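What follows is a set of notes on a single structure, which appears directly below.
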Amino acid sequence: MELTKQTSRLSTSPQISAEEVQKIAAAGFRSIICNRPDGEEQGQPTAKEIGAAARAVGLGFAHVPAVSGSISDRDGLAMKRALAELPAPVLAYCRSGARSKKLAEMAGALAPKGADGGSYDIVIVGGGSAGIATAASILKRNAKLSLAIIEPSEVHYYQPGWTMVGAGVFDREFTRRAEARLIPRGASWIKASASGFAPDENKVLLCDGSSISYKVLIACPGIKLDWDAIPGLQEALGRNGVTSNYSYEFAPYTHRLVKELKGGRALFTQPVMPIKCAGAPQKAMYMSSNFWERAGVLKDIDVQFHTAGAVLFGVPIYVPALMEYVERYGAHLNFESKLVAIDGEARLATFEQKRGDELIRVEERFDMIHIVPPQTAPDFVRSSPLAAPSGFIEVDEATLRHPRHPNVFALGDACSASNAKTAAAVRKQAPVVAVNALAALEGREPVADYDGYGSCPLTVEKGKIVLAEFGYGGKPQPSFPNWLLDGTRPSRLSWLLKDTILPPVYWHGMLKGREWMVKPHMIGG
């Protein structure tokens, strides 16, 4: 093996064999990334073979194939995700090792410019909706302080729009913008991947081995979509009727499958909580069923919803309206039914179902299956001193401040607060964290609190939405008077909000620090 050490956390090499994996583990590596598409040359071991050998000795593995000479931004983003999620040190390989090095550079894992030894008043880990919105809110209040955003991706996605992409309402390009266009004026953008936290030293650790110092840290690196947790899923996605609206790449495939299906069985799954947007799994079922209903083929399709949970939706007041649509579409609900394996070629899904005190395995044939992957905190968060027992970043539910490190805050999908993980929650959290972080810079206690608000626009048919809005404990928190909009009933006005109003509010309001209807609630105010 010819290994080239790129950083303390990443090495590259030419093609490896399954027999060499044991030596790689013995050398101290904890993960392997394959950057070769299968079948590039005769006799080349497949990614599946190397992955099996890696898992057999306890190593993490990811297949991030890229075609030599035509590496795209999407390939760099996939590499960035793999490096963020896999335990380090990592060995990445391709035919010669050059491709792996290039992908690592694109992922921000190799010597990011300006990242060595930098120090800032405020450092934000994560340039998604939470990071950008919080940075914008802070800089609107104090444009003179030094603020850095650590984010390796050059692409930013409006993820709430992917359900609409899967329903054929939005084009997927509508949900994508360049990250550079969204970084607030006055913020420094560090194109790097965070690999850990050293809160006792007030430092964020980066994948290239360097670190960034801060006075106040705001952590919002998002949630990990664990596609590898379901055996067979990675290989099956995007073909043989297997799709997911939780992916920019595959959401259009959902719509294609729905249009093409004229009869058979359609399965929709929901994993163990917490997940990003808990209503999205059933939104896919409703919108697909509504399409089949309008096409006159619903009677020929067996629609099944398999959820690992014990209820359809966690806030009871919204369930009656949803059940009306379940009955209207003839969908069969399967509670405490968790997807544990998928065989795309055979079109078989295996579920683990609870029957009394027993767990049994049931195989279901499908013509189409929409899968929502299990979700966890990112690996570097789970193994950090900031993690709660859940693996997410521990926070006080009201102030969103870490209980042991008073200059650390967290929000969005990566924090441990018990609110629903939605963009609407982030929109409410960002101003609270902004003012509390500024108070911490001055040595003061938090001045604002968060009430757990989250929103889930449940698209039950084209043109109508049940607008679920609630706070901690499932307490309803409607934004509009009941005479204008009853969120417990399907409404065309709610559809107008989702379809027309919320996207520009996201791009031009929330990400610009404009706190429309979400001014921070001041403690004691």
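The values are calculated or read from the model by the stated rules, or taken from the named source; none is laboratory data. None of these values were measured; they are calculated from a predicted model. With ideal geometry, Cβ positions are generated from the backbone for all residues, glycine too; neighbour counts draw on all protein chains shown. When the accessible area is computed, the model is the full protein with side chains, heavy atoms only, and any ligands, DNA or RNA have been set aside. Shrake-Rupley method; radii C 1.70, N 1.55, O 1.52, S 1.80 Å.
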Please work out which one of (1) open to solvent by 10 Å² or more (accessible area, probe 1.4 Å); (2) part of a strand (DSSP E or B); (3) of a type in the set (Phe, Trp, Tyr) is the condition Tyr248 fails and give its number.
(2)
Filtering the stretch 171-204 for residues that are within 18 Å of the chain's Cα centre (by Cα), open to solvent by 50 Å² or more (accessible area, probe 1.4 Å) and small (Gly, Ala, Ser) leaves a count of 0
Members of the stretch 413-426 found to be within 11 Å of Ile393 (Cβ to Cβ) and open to solvent by less than 10 Å² (accessible area, probe 1.4 Å), listed by number:
Ala414, Cys415, Ala417
If you scan the stretch 32-55, which residues turn out to be over 16 Å from Leu86 (Cβ atoms) and outside any helix (DSSP H, G or I)?
Arg36, Pro37, Asp38, Gly39, Glu40, Glu41, Gln42, Gly43, Gln44, Pro45, Thr46
Condition test on Asn436, is it outside any strand (DSSP E or B), over 26 Å from Met273 (Cα atoms) and not charged (D, E, K, R)?
yes
Among the residues in the stretch 256-272, are any β-branched (Val, Ile, Thr) and either surrounded by 21 or more Cβ atoms within 10 Å (Cβ to Cβ) or over 28 Å from Glu327 (Cα atoms) (or both)?
yes
For Phe291, which of the numbered conditions (1) surrounded by fewer than 18 Cβ atoms within 10 Å (Cβ to Cβ); (2) within 26 Å of Leu233 (Cα to Cα) fails to hold?
(1)
Glu394 passes all but one of the listed conditions (1) surrounded by 19 or more Cβ atoms within 10 Å (Cβ to Cβ); (2) in contact with a Phe, Trp or Tyr (Cβ under 6 Å, 6 or more places away or on another chain); (3) modelled with pLDDT of 95 or more; the exception is number (2)
Note: among Pro65, Pro87, just one is surrounded by fewer than 22 Cβ atoms within 10 Å (Cβ to Cβ), modelled with pLDDT under 90, in a loop (DSSP other than H, G, I, E, B) and not hydrophobic (A, V, I, L, M, F, W, C), namely Pro87
Taking the condition under 21 Å from Met287 (Cβ atoms), of a type in the set (S, T, N, Q) and touching a residue at least 40 places away in the same chain (Cβ under 8 Å), does Thr459 pass?
yes
With the requirement that a residue be within 23 Å of the chain's Cα centre (by Cα), open to solvent by 10 Å² or more (accessible area, probe 1.4 Å) and β-branched (Val, Ile, Thr), what does the stretch 427-463 give you?
none
Give the residue, chosen from Glu20, Glu2, that is open to solvent by 20 Å² or more (accessible area, probe 1.4 Å) and either aromatic (Phe, Trp, Tyr) or touching a strand residue (DSSP E or B) at 6+ places or on another chain (Cβ under 7 Å) (or both).
Glu2
I'm trying to understand the selection: among the residues of the stretch 439-456, which are part of a helix (DSSP H, G or I) and in contact (Cβ under 8 Å) with a residue 60 or more places away in the chain?
Ala440, Leu441
Take Gly108 and decide whether it is surrounded by fewer than 21 Cβ atoms within 10 Å (Cβ to Cβ), under 24 Å from the mean Cα position of the chain (by Cα) and closer than 30 Å to Glu201 by Cα.
no
Selected residue (only one of Phe29, Phe61 is touching a helix residue (DSSP H, G or I) at 6+ places or on another chain (Cβ under 9 Å) and at negative phi)
Phe61
Within the stretch 68-84, can one find any residue that is over 27 Å from the mean Cα position of the chain (by Cα), surrounded by fewer than 15 Cβ atoms within 10 Å (Cβ to Cβ) and either hydrophobic (A, V, I, L, M, F, W, C) or in a strand (DSSP E or B) (or both)?
no
Checked Val216, Val258, Val204 against criteria (assigned to a strand (DSSP E or B), more than 23 Å from Ala107 (Cβ to Cβ) and among the aliphatic types (A, V, I, L, M)); the one match is Val216
